[in-house]
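A short worksheet on the structure shown next.
A short reminder: the numbers here are calculations on the coordinates, not readings from a lab. Computed from a predicted structure; not experimentally measured. Ideal geometry is used to build each Cβ from the backbone, glycine not excepted, and the neighbour counts take in all protein chains shown.
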Amino acid sequence: FGRKAVFLASTLSTQGDVLKLAEQGQAEGAVVIAEEQTGGRGRFGRQWFSPPGKGIWMSVLLRPDLPLQHTPQLTLLTGVAVCRAVRACSGADAGIKWPNDVLIDGRKVCGILLESTVEDHEVRYCIAGIGVDVNFDPEDYPEDLTTIATSLKMETGQSVDRTKLTAAILTELEQLYFLYQKEGFGVISALWEALSVSMNREITVTNPHGVIEGKAIGLDPSGALVVEKRDGEHTLIISGEISWKS
Ligand code: BTN
């Protein structure tokens, strides 16, 4: 991955730039990396704070041969790749909050946005957008983010080389993606469960279908989160957001 890489000083969102490459027929593994995004996007239509010089804002083109209902597996895979790279490059004890936020000590250092283009119920391509708060200082954050976000520098006390971390993320992503294509989701699922900080916790899930409370007990073979409700019944969660009391 990253053999075709486009570097931009400033862009609206690297998701849109990779979408253009995809439409032009670019091969998978193509990457767009920007110093700054003026319209960075997060999950659920939120904005993603992407100022210049201190973060990694990048999007990767994937062309998996997958039925649409398996795309959550790729979301989880990307989280595992980023979490492993962050741990290796910074030494931080990073974990994954379902589905794919990377947290250190309960605060978010990385967000992932996986967007798929579908035609006739088949996935044509996926764009994995990855945002990492690498060398932010506390004063770089707007007030609404101070309690929920953190950076690798703030957590480890040391600046992290963005180029090395970017390369490590792409290498992890490529290796896990090929492993996944060869062996299936089982290996990825086990890696995800081992890195997850959501497992065996009493959580609250919020999604358009409502609110569910119970204990997160693992992933099912499709990549859905299995939640055991108080009455013992198991529910599968494929999208939404979770929270827990610390
Ligand atoms: C989230 O809500 O947690 C996902 C955030 C994803 C941010 C990345 S930064 C690179 C790519 N371009 C975007 O506009 N968003 C993703």
To the nearest 20 Debye, how big is the dipole of the chain about its Cα centre, given +1 on the beta carbon of each Lys and Arg and -1 on that of each Asp and Glu?
280
Which one of Ser243, Ala216, Met58 has its Cα pushed farthest toward the positive end of the charge dipole of the chain, where Lys and Arg give +1 and Asp and Glu give -1 at the Cβ?
Met58
With the 8 Å Cα cutoff and a minimum separation of six or more residues, region 30-109 has a relative contact order in percent of 20
Using a Gaussian network model of the chain whose springs link C-alpha atoms within less than 10 Å, name the residue from Asp133, Asp120, Asp17 with the highest mean-square fluctuation.
Asp120
Global form of region 202-243, assessed from the alpha-carbon gyration tensor, a/c cut-off 1.5:
oblate
Taking springs between alpha-carbon atoms closer than 10 angstrom, which of Trp48, Trp98, Trp57 fluctuates most in the Gaussian network model of the chain?
Trp48
Pull out a ≥ b ≥ c, the square roots of the eigenvalues of the alpha-carbon gyration tensor of the chain, then state rounded if a/c is under 1.5, prolate if not and a/b is larger than b/c, and oblate in the remaining case.
oblate
What 222 nm value per residue comes from the helices of the chain, counting each DSSP H run with n ≥ 4 as -39,500 (n - 2.57) and dividing by all residues, nearest 500 deg cm²/dmol?
-9000 deg cm²/dmol
State, to one decimal in nm, how far the label point of Thr156 lies from the label point of Asp220, with both points 7 Å from Cα in the Cβ direction.
3.8
